[in-house]
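Participant: Input: one structure, supplied below.
What follows is calculated from the coordinates using simple rules that are stated; it is not laboratory data. Only a predicted model underlies this, so the values are computations on that prediction, with no experimental measurement involved. No Cβ is skipped: glycine too gets one built from the backbone with ideal geometry, and neighbour counts run over all protein chains shown.
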Amino acid sequence: MKQAIYEKLIRMKEHNLSQSMKTAEGVSVERYRSLVRVDECGINIWSDAFQQAINENDHIIIPASKEPYYVDKTITVPSNKYIEAHCDALIRLKAGVKTLLLRNENNEDGTHKAETFDAPDTNIHISGGRWEEMLDKRAGYGQSGMYDAERSYYGVSTCMFFNNVKNLTLENLVFIHTGGFGIQLGNVKNVVIENIEFKQCFADGIHINGNTEKIYIYNIKGQVGDDLVAFNMYDWQNSSVDFGPIKMAWCEKLELYPESGYKAFRIQPGLYYYDDGSVVDCSLEDAVIKDVKGINTFKLYFQTPCYDVEEGREPGDTGTGNNIFFEDITIDLTGPIDPLRDYTQSDPVTGSFAGFEVGANIQNLYFENITVTLYREKYPMSFFLCVGPKSVRDGKLEIFDPEINSFVENVYLKNVHINSEDTENSKNYIHQIVFDDIYNDGTATGKGVIKNIIVQK
């Protein structure tokens, strides 16, 4: 299964590259210098020059420059475009600009109704360059990376946005000081993202939403304030306009730098309800995540925004998945990823946490070449794998969804070592969470069940 996924995605990658190589000889943006204007602060603004160069040429070159290429509005990229930037080309979003830096041309908002994917953009390739926002902290939703000044696509918060695209390649890019996500995408097919670095970025690095099919991710590293890579098939409305499954994903060679504050990989399946009551299963199917360094918690569960218990949570339910592979991962679980009292005080009912936290209905879940170090003398409720609901309650405010049930058909273990114990004994560090109406009000009744745990040689 893993080999078949890999071979299909490598063929897809080669196809994308072949499409880019069909473009004409590159034209330098320097040819459009006459469109550069000087703003009130004496800064050269390249927005119009970039846009005209992209509109008139299939292959655009952004050469090295001692000075940044300042941009003060969003650059849009139509189909069949290859943007090639020198590694010493710095494309910088002007201070105070709250909209995103670059997006494809034809987008579709799937927040309130299912997307059609009728007329997607095709064959977009962006290679090289340093892409910067002039921020020193996370700006927050609606404060940076907006789709436009009106925030007409409410769930967009990013430096680069791609949606309604087929055959997309992003490679050899460096992102600096991004206040929202570095890359946000969804409703896309045939995507290659490789050799990406994040320097002092403050939210997710690569934020992948639903309706995504065939995505190859390789060699991603850097310092971010949230997830280095996130698979948010289901997501909150402030951070997505794309809801649906991710089908066939390969994610290899991730390195989260130690100075990053949040050492997690978010994977969020769930059922998403549109305004008309129709529902889509935001599932993860045929996904390989391997060779990961610096990430200590993989969060694979449905979670709605926090809510008042008396008012209830937003609509949604347990998501699904099948054939999810975790491989070549070392975790040093020195403490809970979320330093909430239930976890830090090891509450015997709600205080369990793990390297892999699952709250989804999954058919086959594989672990191979996994090493986890737990500190159970300090955190007796720490585990290699937890399956089931979560609950942290602050008065009437609930952070998780404790009524949610989840079920895993098969957990496969191969060369898994927990605190140096062998694979057979690693089963002792798997926990099935059960809430038996723990607040006596009918709001926390979920449970997690694993049917089979299979040790492989």
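Participant: Normalise the Cα radius of gyration of the chain by 2.2 N^0.38 Å (N = residues in it) and let me know the number.
Facilitator: Normalised Rg, Cα atoms only: 0.99.
Participant: Counting other beta carbons within 10 Å of each residue's own, what order do Ile453, Ile433 fall into, fewest first?
Facilitator: Final ranking by Cβ density, sparse to dense: Ile453, Ile433.
Participant: Counting other beta carbons within 10 Å of each Cβ, put Trp236, Trp250 in order, fewest first.
Facilitator: Going from sparsest to densest Cβ surroundings: Trp236, Trp250.
Participant: Now, a different point. Quick check on the chain: of the DSSP beta bridges with both residues there, what percent are antiparallel, nearest 5%?
Facilitator: Here the share of antiparallel DSSP bridges comes out near 10 percent.
Participant: If a paramagnetic tag sat 7 Å from the Cα of Leu35 along the Cα-Cβ line, which residues of the range 59-75 would have the backbone N under 18 Å from that point?
Facilitator: Output list for this probe position: 59-63, 69-75.
Participant: Could you give the alpha-carbon Rg of the range 31-186 over 2.2 N^0.38 Å, rounded to two decimals?
Facilitator: 1.00
Participant: Note the angle between two axes, namely the Cα long axis of helix 2-21 and the longest principal axis of the Cα atoms of the chain, as a number of degrees from 0 to 90, rounded to the nearest 10.
Facilitator: 10
Participant: Give me a comma-separated list of calculated 3J(HN,Hα) values for the range 252-266, in order, Karplus coefficients 6.51, -1.76, 1.60 applied at θ = phi - 60°, integers in Hz, x for any Gly or Pro.
Facilitator: Values per residue, Gly and Pro as x: 9, 6, 10, 9, 8, 5, x, 6, 5, x, 10, 9, 9, 10, 8 Hz.
Participant: A follow-up question, please. Could the peptides 268-279, 1-12, 291-302 be put in order, highest first, of the mean number of other beta-carbon atoms found within 10 Å of their residues?
Facilitator: 291-302, 268-279, 1-12
Participant: A further question on this structure: Spin-label point model (7 Å from Cα, Cβ direction): what's the Ala4 to Ser278 distance in nm?
Facilitator: For Ala4 paired with Ser278, the spin-label model returns 3.0 nm.
Participant: Then there is this: Can you pull the Rg over Rh of the range 361-425, Cα-only, Kirkwood?
Facilitator: Using Cα coordinates only, the ratio equals 1.06.
Participant: Which of rounded, prolate, oblate describes the range 329-450, given a ≥ b ≥ c as roots of the alpha-carbon gyration tensor eigenvalues and a/c under 1.5 marking rounded, otherwise prolate only if a/b is larger than b/c?
Facilitator: Judged from the Cα gyration tensor, the range 329-450 comes out oblate (a/c at least 1.5, b/c at or above a/b).
Participant: Over the range 316-457, what relative contact order in percent results from Cα pairs under 8 Å that are six or more residues apart?
Facilitator: Relative contact order for the range 316-457 comes out at 25 percent.
Participant: What is the helix-to-structure angle for 47-56, meaning the angle in degrees between its Cα long axis and the longest Cα principal axis of the chain, kept from 0 to 90 and rounded to the nearest 10?
Facilitator: Roughly 80 degrees between the two axes.
Participant: Same structure, new question: Within the set Lys2/Lys263; Lys137/Lys390; Lys137/Lys290; Lys263/Lys299; Lys66/Lys94; Lys2/Lys214, which residue pairs have Cα atoms separated by over 22 Å?
Facilitator: Violating the 22 Å limit, Cα to Cα: Lys2/Lys263; Lys137/Lys390; Lys137/Lys290.
Participant: Give the separation of the Cα centroids, the range 264-283 to the range 102-164, in Å.
Facilitator: 20
Participant: Also, quick follow-up: Using only Cα atoms, locate the centre of the range 385-430 and the centre of the range 70-97, then give the distance between them in Å, rounded to an integer.
Facilitator: Each part's Cα centre sits 43 Å from the other's.
Participant: Still on this model: If each Cα of the range 324-382 is one equal point scatterer, what is log10 of I(q)/I(0) from the Debye formula at q = 0.13, 0.17 Å⁻¹?
Facilitator: Debye intensities relative to I(0), on a log10 scale: -0.39, -0.64.
Participant: Now, a different point. Provide Tyr234, Tyr216 in ascending order of the number of other Cβ atoms located within 10 Å of each residue's Cβ, fewest first.
Facilitator: So the residues, fewest neighbours to most, are Tyr216, Tyr234.
Participant: Please compute the alpha carbon radius of gyration of the range 138-216, then divide it by the globular-protein estimate 2.2 N^0.38 Å. Two decimals is fine.
Facilitator: Against the empirical 2.2 N^0.38 Å value, I get 1.06 for the range 138-216.
Participant: Measuring from label point to label point, each 7 Å out along Cα→Cβ, what is the Asp437 to Val27 span in nm?
Facilitator: 7.2
Participant: When only alpha-carbon atoms count, how far does the range 37-82 stretch along each of its three principal axes, as whole angstroms with the largest first?
Facilitator: 35, 21, 13
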